[in-house]
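Since every read-out is calculated from the coordinates, none of them should be taken as a lab result. Model, not experiment: these values are computed from the prediction. Every residue, glycine as well, gets a Cβ built from its backbone with ideal geometry; the counts of neighbours run over all protein chains shown.
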Amino acid sequence: MDLNQLIRNVPDWPKPGIQYKDITPLLRDPSGLAMAVELMASPWRGKAVDLVCGAESRGFIFGTAIAQALSAGFVPIRKPDKLPAETHAISYDLEYGSDTLEVHTDAVLKGQRVLMVDDLLATGGTMKASCDLVEKMGGNIVGITVLIELGFLPGREMVSDHGSVHAVLTYDD
């Protein structure tokens, strides 16, 4: 199965000049979804992953499935004011503005081995902020796994100090 066939290109969304990679066709295809999860999880089998962390919202989709596949726990990294207990927060710059991510203070224990997951690695801002947050809590990042990497953007370089990056699909244009 070619997972590329399950990724829909949407031109000029959310703004002119952007070629959006829509994963919803892949998500609705049982075989495609199962293959994507397996290909994202496989490199990390036997790496003693304790936790999988995924950022809101599509990181939740793949993160929970990968956590189950690796017999690990899952930690959601949320947008502000979504978590009910005490949180750590980190703010980071976006292409046009800034954003903040939060995680419960007791979500990652010092020394736990953490796999970072998201659907897409583009500029790297969200993933870098997520990694910084986990490391601030004492977690040891074993690596990063994504479904799609936009290789023409600097995401991989932004997160290179947080472990190796595994991308199932890479688009260079």
>> Nothing charged except the Cβ atoms of Lys and Arg (+1) and of Asp and Glu (-1): what's the magnitude of the dipole of segment 3-171 about its Cα centre? Round to the nearest 20 debye.
In response: 360 debye
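Which value, in debye to the nearest 20, describes the size of the charge dipole of segment 29-97 about its Cα centre when Lys and Arg Cβ atoms bear +1, Asp and Glu Cβ atoms bear -1, and nothing else is charged? Don't jump to the answer; show the numbers that get you there.
Working: 6 positive and 8 negative charges, 36 e Å.
Here the size comes out at about 180 debye.
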> Taking other Cβ within 10 Å of each residue's Cβ, how do Glu102, Glu135, Glu86 sort, fewest first?
Replying inline: Glu86, Glu135, Glu102
> Along segment 163-172, what does the Karplus equation 6.51 cos²θ - 1.76 cosθ + 1.60 (θ = phi - 60°) give for ³J(HN,Hα), rounded to whole Hz, x for Gly and Pro?
Replying inline: x, 6, 10, 10, 10, 6, 10, 10, 10, 9
>> Loop only by DSSP, 16 or fewer other Cβ within 10 Å of the Cβ. Give me the chymotrypsin sites (Phe, Trp or Tyr not before Pro) in segment 61-151 that pass, ordered by residue number.
In response: Tyr96
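Within the set Lys82/Lys110; Lys15/Lys79; Lys21/Lys110; Lys47/Lys128, which residue pairs have Cα atoms separated by over 29 Å? Working shown, then result.
Working: Lys82/Lys110 23 Å; Lys15/Lys79 23 Å; Lys21/Lys110 36 Å; Lys47/Lys128 21 Å.
Too far apart for the 29 Å limit: Lys21/Lys110.
Would you mind counting up the charge near Ser71? Only other residues with Cβ under 14 Å from its Cβ, with Lys and Arg at +1 and Asp and Glu at -1.
Working: positive: Arg45, Lys47, Arg113; negative: Asp50.
Around Ser71, the charge tally is +2.
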>> Run the helix sum for the chain: -39,500 (n - 2.57) per DSSP H stretch of 4+ residues, divided by residue count, reported at 222 nm to the nearest 500 deg cm²/dmol.
In response: -7500 deg cm²/dmol
> Residues with amide H under 5 Å of Ile7's amide H, sequence separation 5 or more or different chain, H placed in the peptide plane at 1.01 Å from N; which?
Replying inline: none
> Along the positive direction of the dipole of the chain (beta-carbon charges: Lys, Arg +1; Asp, Glu -1; about the Cα centre), which of Val75, Leu6, Thr24 reaches farthest?
Replying inline: Val75
> At what distance in angstrom do the alpha carbon centres of segment 2-73 and segment 154-173 lie from each other?
Replying inline: 14 Å
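If a/c stays under 1.5 just call it rounded; otherwise compare a/b with b/c (prolate if a/b is bigger, oblate if not). Do that for segment 45-98, with a ≥ b ≥ c from the square roots of the Cα gyration tensor eigenvalues.
Values: a/c = 2.39, a/b = 1.81, b/c = 1.32.
Cα axes put segment 45-98 in the prolate bin.
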>> Bin width 10 Å, origin at 0, all Cα-Cα pairs of the chain: what percent of pairs per bin?
In response: 10, 40, 37, 13, 1
> Under the definition of Cα pairs under 8 Å and six or more residues apart, what whole-number percent is the relative contact order of the chain?
Replying inline: 18 percent
>> Amide H of Phe74 versus every other amide H placed in the peptide plane: which residues, excluding those fewer than 5 positions away on the same chain, fall under 5 Å?
In response: Val52
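By the scheme Lys and Arg +1, Asp and Glu -1, what is the net charge of all other residues having a beta-carbon under 12 Å from that of Thr145?
-2
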>> Amide H of Glu149 versus every other amide H placed in the peptide plane: which residues, excluding those fewer than 5 positions away on the same chain, fall under 5 Å?
In response: Leu121, Leu169, Thr170, Tyr171
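Using the Cβ atoms and a cut-off under 12 Å, what net charge is assigned to the surroundings of Asp161, where Lys and Arg are +1 and Asp and Glu are -1? Mind dumping the intermediate values first?
On the way: positive: Lys128, Arg156; negative: Asp132, Glu135, Glu157.
Result for the local shell: -1.
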>> Suppose we flag trypsin sites (Lys or Arg not before Pro) only when DSSP calls them loop and at most 15 other Cβ atoms lie within 10 Å. Which is the longest uninterrupted stretch of the chain?
In response: 111-173
> Among the aspartates and glutamates, which have Cα under 13 Å from the Cα of Lys136 when same-chain residues fewer than 8 positions away are ignored?
Replying inline: Glu102, Asp106
